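The values are calculated or read from the model by the stated rules, or taken from the named source; none is laboratory data. As the structure is a computational prediction, the values presented were derived from the model and not from experiment. Neighbour counts run over all protein chains shown; Cβ positions are idealised from the backbone, glycine included.
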Amino acid sequence: MAIRNSEVHTSAPDAASEVKLHALDYWRVIRVRLGIVVLAFLLVLLTTGVTTYFMPRQYRSTVSMELKYESENMRVFEQNRAGGLDPRFAPTQFEIMQRKEVLYPVIDKLKLVNRFGSDAGTTITKELAYFKLRNLLSLKQVRNTEVLDLSVTYTDPVAAATIVNAVAESYQTKKREQKQELTSSSLFQLNSQLEAQRTKVSELTAKLAKMRKDDPTIVDNENDRTIGVEDPRKQVVASKEEEFSKSTTQLAALNSQLGQIEKLKGDELLRAIPLLEINDPTILKVFPLYQEAVASEAGMMNSGLGRQHPKMKSLRAQKDVYARQLTEQIDSVRRSLEIKRNISGTTNENLGRQVQNLRDDQRSLRQGSTDYFELKEELIRAKTVLGTAEQKYSSESIERNMPQVPAVIWEKAEAASIPYSPKVLLNMVLGTLVGLIVGVGLAFLIEYLDTSIKTMDDVESLLGVPVLAVVPKNIRLLHKNPPDIADAEAYRILRTNIEFNRKSADANTISMVSGGPGEGKSTTLCNLAYTCAQGGYSVLIVDADLRRPTQHKLLEISNAVGLTNYLTTNLGLDEVILPTGIENLSIIPSGILPADAVGILNSQRMSDMIAELKSRYDIIFFDSPPILGVSDGSVLSSEVDQSIIIVQHRRFPKAMLKRVKQAVTNVGGTVLGVVLNNVDLRHDPNYYYYTSYYHYYTPKGKEAEAPAPKRPAPKAAPAVGRSGAPSNDY
């Protein structure tokens, strides 16, 4: 009772530290499955290393470019744009760089169809080469600058530098051609107006010359001044002519703007929106969204997403909606401009007629050379307009003919000497992390799927019976070693717990059962019997495992005569009880099993033998065959007083242990408790406190070197009375 009280007294602090012990379970799982963790880690790390080693080396070459806004060199419509680089400008230009108009010349120039085809080991089309080249490109904008880094990553460093330089030059050429085309178109419109004005001046000059020829009375000594009679309607005519001139200029501007819109189609029209001087609110609202969609699409493709990716499809659909809205709105603007042009044309014609009528009226009032000088005034005005237009055309032509630089290449790409990828250090670090994660995850997965017996709590919660002892792994046979060996302490605990847990002193027949073979049942029985005999009990071992008898081998005695001989012949009980050479310990070996003697344990003679042995010995241990393998184990459990279940740690599933108990109870047997056998204390430190104090009892120094005391010779008749049994206080 003192032992029980001490256990109750120490259980309170243990409960307080139970949470801390649970935190160590994670480390315990890793220690138990350390081999799997290390194996998974090494496999992942090896796979990473081999994959990295065999990955093709990629080299990256970069060209630095400074992109210019189109409005800086193109001011046909005199746009006013705020300074600074639009964050959507660079992605938009990168999208332009990836178009076929820019990349096809590079493919033709460098013969990339043949190069990429040889890389793939097959013949490819120009379009496939285009997609391959497009995937090689990447762009990065230098923060807070207008400098962009265009890069190409390829297996050949020289080819990578050549390709990226060619792409930059092709982009330069394409942008320059586009700007020159827009410039030529604008100058053509302006030149048409100049030709019309020159024609008018020529016609007026011819009329004046004819009038001087036809009328000799006209004397004109001042070529640059008007000399004529003053006309009170002259100011009215001048005002109306000025209004007519403004109307003509407005009509010319509308024609020019409408001509630009009608000439540009598709993507070119959308890209030229900033140059068309369209102040429509819808276009001003939708165009930034369209630019942002174009930039986002370029960013996604640069990150490696394919054109069929759901995000790319969604973004492309959104961009198409914006493009359709812009196209429809531009069409609406075009129709509006046409209406304005028609109205302006009608107004201009009306003003022209009004001016002409005023001039006719004024001319009718004049006499002699009045018509001549009026015509001369008109010629002077026409020359003034022509001179102003020619000056503007000349200045615009000079500015347009100046070198246009849409993109400045500040640093050409050079062949890289160090591979850009694979990144060995990064891959190995990631492989190490992934390997650890996979190893630890696999360990916990296996631990989760493992339904074997791991702890005493598993046993007690599953079966509702106590764990009588925890036997460490690699226990030796006690009778072949000194009596003070540390391995004996586990069996002393088992012996004590049997005494405390069995129903009474008369319940002295105990069978050792297990669910399957190899769980250490026979060794446990032999060592327990030896420990009980050392404690003063008269102990008998009955090897009832007739299928695979073991006890005679453990105790090194003959198996010629034994239990089978007693049950199948008329031999007496004393003739089959053999001494073992160990004080207080005897054995009935299994004997040789006849071929026709299967099931002999289920007999009246067996029951009578057990009843007689109960009166001769203090404790009788029966070595039983696996209870789930054959019927002999269940029969034996029904004959003895109590059964002890031997469970090997982390071997068989919990369901098997539950069936073992059911097999015992179904035949009317009683389960005394469970022995948790073969526990590896190195991997399961939770059990260490069961055996850590063994060395406390181990002799030290000279005591450890003293030889074991010589055992007395075995008695001829091992039957011992119960008077020598120890008390329960041991």
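When only residues in the stretch 243-269 that are among the hydrophobic types (A, V, I, L, M, F, W, C) and either modelled with pLDDT under 70 or part of a loop (DSSP other than H, G, I, E, B) (or both) count, which is nearest to residue 389 (Cα to Cα)?
264
Does residue 314 count as loosely packed, with under 12 Cβ neighbours inside 10 Å, part of a helix (DSSP H, G or I) and modelled with pLDDT of 80 or more?
Criteria met by residue 314.
Scan the stretch 549-577 residue by residue and report those that are touching a residue at least 60 places away in the same chain (Cβ under 8 Å) and not in a loop (DSSP other than H, G, I, E, B).
Correct list: 551, 554, 555, 574.
State which residue is surrounded by the most Cβ atoms within 10 Å (Cβ to Cβ) when the search covers only the stretch 412-438 and only residues that are under 17 Å from the mean Cα position of the chain (by Cα) and not β-branched (Val, Ile, Thr).
Top of the filtered list is 435.
Among the residues that make up the stretch 62-79, is at least one of them surrounded by fewer than 11 Cβ atoms within 10 Å (Cβ to Cβ) and at pLDDT below 80?
Yes, some residue in the stretch 62-79 is surrounded by fewer than 11 Cβ atoms within 10 Å (Cβ to Cβ) and at pLDDT below 80.
Report yes if residue 506 is closer than 22 Å to residue 656 by Cα, at pLDDT 80 or above and not hydroxyl-bearing (Ser, Thr, Tyr), otherwise no.
no
Give the residues of the stretch 277-335 that are touching a helix residue (DSSP H, G or I) at 6+ places or on another chain (Cβ under 6 Å), more than 20 Å from residue 137 (Cα to Cα) and of a type in the set (D, E, K, R), sorted by residue number.
280, 319, 334
Take the stretch 146-161 and flag every residue that is touching a residue at least 60 places away in the same chain (Cβ under 8 Å) and either surrounded by 17 or more Cβ atoms within 10 Å (Cβ to Cβ) or more than 32 Å from the chain's Cα centre (by Cα) (or both).
Going residue by residue through the stretch 146-161, those that are touching a residue at least 60 places away in the same chain (Cβ under 8 Å) are 146-158, 160-161.
Those that are touching a residue at least 60 places away in the same chain (Cβ under 8 Å) and either surrounded by 17 or more Cβ atoms within 10 Å (Cβ to Cβ) or more than 32 Å from the chain's Cα centre (by Cα) (or both): 146, 147, 148, 150, 151, 152, 153, 154, 157, 158, 160, 161.
Conditions: (1) part of a loop (DSSP other than H, G, I, E, B); (2) under 25 Å from residue 633 (Cα atoms); (3) among the aliphatic types (A, V, I, L, M); (4) under 55 Å from the mean Cα position of the chain (by Cα). Residue 471 meets all but one. Number of the miss?
(1)
For residue 380, only one of the following conditions fails: (1) among the aliphatic types (A, V, I, L, M); (2) at pLDDT 80 or above; (3) surrounded by 18 or more Cβ atoms within 10 Å (Cβ to Cβ). What is its number?
Going through (1) among the aliphatic types (A, V, I, L, M); (2) at pLDDT 80 or above; (3) surrounded by 18 or more Cβ atoms within 10 Å (Cβ to Cβ) one by one, residue 380 breaks only (3).
Please go through (1) surrounded by fewer than 19 Cβ atoms within 10 Å (Cβ to Cβ); (2) modelled with pLDDT under 80; (3) under 25 Å from residue 530 (Cα atoms) for residue 720 and return the number of the only condition it doesn't satisfy.
Against the list (1) surrounded by fewer than 19 Cβ atoms within 10 Å (Cβ to Cβ); (2) modelled with pLDDT under 80; (3) under 25 Å from residue 530 (Cα atoms), residue 720 comes up short only on (1).
What's the total number of residues in the stretch 475-501 that are within 24 Å of residue 459 (Cα to Cα) and either crowded, with 20+ Cβ neighbours inside 10 Å or of a type in the set (Val, Ile, Thr) (or both)?
Looking only at that region, the number is 10.
Tell me which of these residue 293 doesn't satisfy, since it passes every other one: (1) part of a loop (DSSP other than H, G, I, E, B); (2) of a type in the set (A, V, I, L, M, F, W, C); (3) within 14 Å of residue 91 (Cβ to Cβ).
(1) is the only condition that residue 293 fails.
Of the residues that make up the stretch 525-541, is at least one of a type in the set (S, T, N, Q) and in contact with a Leu (Cβ under 6 Å, 6 or more places away or on another chain)?
Step one: filter the stretch 525-541 for residues of a type in the set (S, T, N, Q), giving 527, 531, 534, 538.
Add one more test, that the residue is in contact with a Leu (Cβ under 6 Å, 6 or more places away or on another chain), and what stays is 527.
Yes, the stretch 525-541 has at least one match.
Taking interchain pairs and intrachain pairs at least six residues apart, which have beta carbon atoms under 6 angstrom, with the first residue in the stretch 120-135 and over 15 Å from residue 108 (Cβ atoms) and the second outside any loop (DSSP other than H, G, I, E, B)?
Here the result reads 123/117, each pair linking the stretch 120-135 to a residue that is outside any loop (DSSP other than H, G, I, E, B).
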